[in-house]
Ligand SMILES: *Cc1c(COP(=O)(O)O)cnc(C)c1O
């Protein structure tokens, strides 16, 4: 079986975790927590990073720090993982779904403005599969209507976006907040974990405070709480793993980039297989390398998925539109035709850092061979 996306654990993970165990610093007061946040700041070139127990908590914390709550509306895409949307409900606010674009498969910024009402408080662009939303025009809209921007950059750790002035920015660093996840299938993993980042020092401080029970320690050691806080802390054991993983991130991105160029080479020219487009102002890490299956491939997306998975090539359909799921069916939304089309055509192909050349060749060869089979069957059918 060629897995969809598995972690790569070949660095200092054992060493750092052992150190936590040997020194008894297993919980969230250990030094790896601070170190992980510092290293994350350095990597993203951002002012403040706050570790959390998972990516869902990071998004929730962003909304809570901004004071978003009942009656507030938050604009978010529908074709994303559910964790981009559930936190909006956790704080009592309402998601408003926006369509994606045909070529980037991420938020269609041109369709955002028409969804803004007097209740709109924030926008959550999601950098799905590693591509980056067109942030500059989105930030202009946010500024015009005084809205917060929380980037769900979970799938785009390492991706970059170039602003008009020619400067490259890491995904997640352009909004008021950016959020990341270190679940086992992401680019770097701590088993479970997340990070909230911001260039607003005050907001970062507030987020850290809320994430740790809104605790103030008096000089005599007693704790007081002026607000209702939360426990989103990450234990030192996991932060130690995060530090080790982050040491390898450049290697991981290199491997992903190599995977992408091989996929491109081998899949080029197969009728009905539509490769992802790359914009000049985005460096796309392709967290999951994905393609669309168009009509002229000869069989629909689900037909191909079934064959791939049966043949030991673990592949996955794109995210189902959330606006059509039970808890969200009544929510406000814009036109969703692109979301519906793309989510039913898309396939995520194996994308692990450890994927071998031969495996990519095998996967693409399979897709090509199956296409030939379909064409031949069709011809045979026509002759009869
Ligand atoms: C993985 C993921 C998250 C958060 O996941 P956790 O499992 O809570 O760490 C959020 N948004 C997107 C788009 C994701 O893919």
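Read-outs: derived from the displayed coordinates by stated rules, not from any lab. Keep in mind the model is a prediction, meaning the values are calculated, not measured. Heads up, the Cβs are rebuilt from the backbone with ideal geometry, glycines too, and the neighbour counts pull from every protein chain shown.
Label point of residue 118 set 7 angstrom out along Cα-Cβ; within the stretch 65-88, amide nitrogens under 19 Å from it belong to 69-75.
If one takes the longest principal axis of the Cα atoms in the chain, at what angle in degrees, from 0 to 90 and to the nearest 10, does the Cα axis of helix 201-211 lie? The helix 201-211 is inclined about 90 degrees to the chain.
Our note on the geometry: Cα centres of the stretch 207-236 and the stretch 238-299, 40 Å apart.
How much length would be gained if the chain were fully extended between residue 227 and residue 212, taking 0.36 nm per residue of separation minus their Cα-Cα distance, in nm to one decimal?
Gain on extension, residue 227 to residue 212, equals 4.3 nm.
A straight chain from residue 163 to residue 361 at 0.36 nm per residue would run longer than the Cα-Cα distance by 67.7 nm. Between the helical axis of 55-65 and the longest alpha-carbon principal axis of the chain there is an angle of about 50 degrees. Computed on the Cα atoms alone, the convex hull of the stretch 160-201 gives a volume of 75 cubic angstrom per residue.
Multiply the residue gap between residue 146 and residue 23 by 0.36 nm, knock off their C-alpha separation, and tell me the result in nm, one decimal place.
Taking residue 146 through residue 23 to full extension adds about 39.5 nm, to one decimal.
Determine, from the Cβ-Cβ distance of residue 314 and residue 220 and an R0 of 45 Å, the FRET efficiency 1/(1 + (r/R0)^6), rounded to the nearest 0.05. Before the final figure, lay out the partial values.
Working: r = 57 Å, r/R0 = 1.26.
The calculated FRET efficiency here is 0.20.
Estimated from the Cβ-Cβ distance and a Förster radius of 45 angstrom, the FRET efficiency linking residue 368 and residue 335 is about 0.80. Annotation: for a label point projected 7 angstrom from Cα along Cα→Cβ of residue 14, residues of the stretch 173-194 with backbone N closer than 20 Å are 189-191. Give me log10 I(q)/I(0) at q = 0.11, 0.14, 0.18 Å⁻¹ for the stretch 13-246, Debye formula, one equal scatterer per alpha-carbon, no solvent. Taking Cα atoms of the stretch 13-246 as identical point scatterers yields -0.54, -0.86, -1.33. Each label was represented as a point 7 Å from its Cα along the Cα-to-Cβ direction; for residue 205 and residue 251 these points are 3.9 nm apart. Mean silhouette area of the stretch 1-119, derived from the convex hull of its C-alpha atoms and averaged over all directions, reads 11.5 nm².
May I ask you to order 176-186, 263-273 by the average number of other C-beta atoms within 10 Å around their residues, highest value first? List each step's numbers first, then the result.
Details: 176-186: 24.7, 263-273: 15.4.
Sorting 176-186, 263-273 by mean packing, highest first, produces 176-186, 263-273.
Here the stretch 261-359 is treated as an ellipsoid with the same Cα gyration tensor; its semi-axes, largest first and in whole Å, are 26, 17, 15. Could you state the angle between the C-alpha long axis of helix 31-44 and the longest principal axis of the C-alpha atoms of the chain, as a value from 0 to 90 degrees rounded to the nearest 10? So the helix axis and the longest Cα principal axis differ by about 50 degrees. Over the stretch 303-384, consider all pairs of different Cα atoms and compute the Kirkwood hydrodynamic radius from their mean reciprocal separation; express it in Å, one decimal. That comes to 15.6 Å for the stretch 303-384. For the stretch 219-304, the spread of Cα positions along the three principal axes, ordered from largest to smallest, is 73, 29, 28 Å.
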